[in-house]
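Let me begin by presenting the structure, written as structure tokens, before commenting on it.
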Amino acid sequence: QKEVEQDPGPLSVPEGAIVSLNCTYSNSAFQYFMWYRQYSRKGPELLMYTYSSGNKEDGRFTAQVDKSSKYISLFIRDSQPSDSATYLCAMPRGLSGGYNKLIFGAGTRLAVHP
Amino acid sequence: DTAVSQTPKYLVTQMGNDKSIKCEQNLGHDTMYWYKQDSKKFLKIMFSYNNKELIINETVPNRFSPKSPDKAHLNLHINSLELGDSAVYFCASSQREVDTQYFGPGTRLTVL
């Protein structure tokens with residue numbers, strides 16, 4: 001079982017729809033939860049991050065963490081064609097020496113059609 | 001104004017060849033990374049350097065050798081290329097290990 005599981009999709013929605021993207025994880029030590037967005041043929045860029053449980057909102061995007069279920073979500077309201085990208089969840093895992101490494105989900109490919 | 005840059009953008013080569021990918025960041029970050037993204041978009045860390053010191057070395061074949069001449073540069077040399085090495089390789093940097101990672105545009109490597 002992978003540490004971070006994410007449905008790769010693809011997910012196709014009409015413009016204006018509410019999109020829900022999800023990841024589950026197995027390591028209860030994860031504290032930070034990140035969402036990266038990757039456009040086609042580009043590098044990933046950080047979209048949002050949250051610490052521990054709860055919600056965080058940024059414009060049309062809301063990140064939600066439920067540590068009891070080891071489940072995180074990213075909601076996109078009023079989705080736009082420009083939101084079409086692959087969305088990757090990521091969590092830093094602590095290593096000895098105080099370092100961390102990011103564990104990524106497989107990424108969900110989202111297509112928003114006009 | 002490119003934050004993290006990589007060269008080349010595309011690399012097509014034959015099996016058995018040796019090739020290098022270069023990465024530079026102008027963000028003043030202390031930590032740099034190499035990731036491999038396979039055809040299914042799965043992004044996996046290969047190496048991480050902090051102030052030129054290797055801190056993460058995943059189970060990567062020793063045909064892959066990273067080199068950090070200074071903290072703004074992290075290069076990746078690959079010996080005896082194999083078909084399975086075909087992927088997109090991303091360089092990234094962050095101020096510290098827990099901070100936001102900024103990714104380069106990627107190098108698409110195709111081994112024939």
Problem - the stretch B:8-92 - Debye-derived log10 I(q)/I(0), Cα point model, q = 0.11 Å⁻¹ - result: -0.28
Practice task
Name the most mobile residue of B:Thr100, B:Thr13, B:Thr31, meaning the one with the largest mean-square fluctuation, in a Gaussian network model of chain B with Cα contacts below 10 Å.
Solution key: B:Thr100
Practice task
Using θ = phi - 60° and the Karplus relation 6.51 cos²θ - 1.76 cosθ + 1.60, list the HN-Hα couplings for the stretch A:10-17 in order, rounded to whole Hz, with x at every Gly or Pro.
Solution key: x, 10, 10, 9, x, 3, x, 6
Practice task
Give me the distance in nm between label points sitting 7 Å out from Cα along the Cα-to-Cβ direction at B:Lys44 and A:Ser52, one decimal.
Solution key: 3.4
Exercise for the section: Could you work out the longest stretch of chain A that avoids the trypsin sites (Lys or Arg not before Pro) located in DSSP loops with at most 16 other Cβ atoms within 10 Å? Expected result: A:3-40
Exercise for the section: Place a +1 charge on the Cβ of each Lys and Arg in chain A and a -1 charge on the Cβ of each Asp and Glu, then give the dipole magnitude about the Cα centre in debye, rounded to the nearest 20. Expected result: 320
Completion exercise
In a Gaussian network model of chain B with springs linking alpha carbons closer than 10 Å, the residue among B:Ser68, B:Ser86, B:Ser39 that fluctuates most is B:Ser39
Completion exercise
The exposure ranking of B:Met46, A:Met91, fewest beta-carbon neighbours within 10 Å first, is B:Met46, A:Met91
Practice task
In debye, nearest 20, what is the charge dipole magnitude of the protein assembly as shown about its Cα centre with +1 on Lys and Arg Cβ and -1 on Asp and Glu Cβ, if you could check?
Solution key: 300
Exercise for the section: Express the relative contact order of chain B as a whole percentage, based on alpha carbon pairs under 8 Å and six or more residues apart in sequence. Expected result: 37
Problem - Within the stretch B:4-111: Cβ-based charge dipole about Cα centre, in debye rounded to nearest 20 (Lys, Arg +1; Asp, Glu -1) - result: 260
Handout entry: Mean projected area in nm² (Cα convex hull; one quarter of hull surface) for the stretch A:4-113
Key = 6.8
Practice task
Apply the Karplus parameterisation 6.51 cos²θ - 1.76 cosθ + 1.60, with θ equal to phi minus 60°, to every residue of the stretch B:7-24 and state each ³J(HN,Hα) to the nearest whole Hz, in sequence, with x for glycine and proline.
Solution key: 9, x, 7, 10, 9, 10, 8, 8, 4, x, 6, 10, 9, 10, 10, 10, 9, 9
Completion exercise
Here the residues of the stretch A:1-21 lying in the modelled label zone of A:Asn27, meaning backbone nitrogen under 20 Å from a point 7 Å along Cα-to-Cβ, are A:1-7
Problem - Longest segment of chain B lacking GluC sites (Glu not before Pro) that sit in a DSSP loop with at most 15 other Cβ atoms within 10 Å - result: B:1-57
Fill in the blank from the handout: If one builds a Gaussian network model of chain B from Cα atoms under 10 Å apart, the most fluctuating residue listed among B:Phe42, B:Phe64, B:Phe90 is B:Phe42
Exercise for the section: Please express the shape of the protein assembly as shown as an equivalent ellipsoid: the semi-axes are the square roots of 5 times the eigenvalues of the C-alpha gyration tensor, given largest first in whole angstrom. Expected result: 30, 21, 16
Problem - Sequence-separation-based contact order of chain A, relative, with Cα cut under 8 Å and 6+ spacing, percent - result: 36
Practice task
Quick one: order A:Ile72, B:Ile56, B:Ile21 by neighbouring beta-carbon count within 10 Å, fewest to most.
Solution key: B:Ile56, B:Ile21, A:Ile72
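A short reminder: the numbers here are calculations on the coordinates, not readings from a lab. On a predicted model such as this, the values are computed, not experimentally measured, just so you know. Glycine gets a Cβ as well: all are built from the backbone with ideal geometry, and neighbour counts include every protein chain shown.
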